[in-house]
Amino acid sequence: MSALKTVLIADDDELTQALVAEVVRPLGHEVLFASTGEEAIAKAGVHRPDLAILDVLMPRGHGFAVCGELRKRPELHGMKVLVLTSKAYAADRNQALALGADEFMTKPFDPDALRSAVERLLGEAGRDQQ
């Protein structure tokens, strides 16, 4: 049985937060929410989540900038980042991955695909921290 993991869902849309949480919570993980880029960075620093799911278009901190900032912080070294956005261009995907995102998915998302990505990323996070 895997240990409880913490997932930070950073999105300014409450419906999207709820939909993502509906995928993550049944997996047995704790969920934290942030509605702005600044809040995501602050909560990540305090709670050190195992996974951050970041929207790109958020107030007070674009998701790409948040991803880059999270990757600079040594205390968050083992954290995985999944960018979940409506920005579906190849350039957006490339930018997210170049900034250190582990996974890139577009909205609207398939719950099964998101569940698989979360399970895969959290499995990798657990191995990194052992």
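Considering only Leu15, Leu84, Leu54, the Gaussian network model of the chain with Cα springs below 10 Å gives its largest mean-square fluctuation to Leu15. Here the label points at Ala18 and Asp112, each 7 Å from Cα along the C-beta direction, are separated by 2.5 nm in the simple model. All C-alpha to C-alpha distances of the chain, sorted into 5 Å bins beginning at zero, yield P(r) values of 2, 12, 24, 27, 22, 11, 2, 0 percent in whole numbers. Straightening the chain between Ala42 and Leu97 buys 17.6 nm, computed as 0.36 nm per residue apart minus the Cα-Cα spacing. Reachable lysines from Lys107, Cα under 25 Å, same-chain residues fewer than 8 places away excluded? The reachable lysines, counting only those whose Cα sits under 25 Å from Lys107, are Lys5, Lys43, Lys80, Lys87. Based on the reciprocal of the average 1/r between different C-alpha atoms, the Kirkwood radius for the stretch 35-74 equals 9.9 Å.
Divide the volume of the convex hull of the Cα atoms of the stretch 43-110 by its number of residues and quote the answer in cubic angstrom per residue. That works out to 85 Å³ per residue.
Nearest 0.05, what FRET efficiency do Leu57 and Leu4 give at R0 = 30 Å with Cβ-Cβ as r? Approximately 0.50, to the nearest 0.05.
Read the figures in this text as sums done on the coordinates, not as results from a lab. Here the structure is a predicted model, which is why all the values come from computation and not from measurement. Using ideal geometry, Cβ is built from the backbone for each residue, glycine included, and neighbour counts are taken over all protein chains shown.
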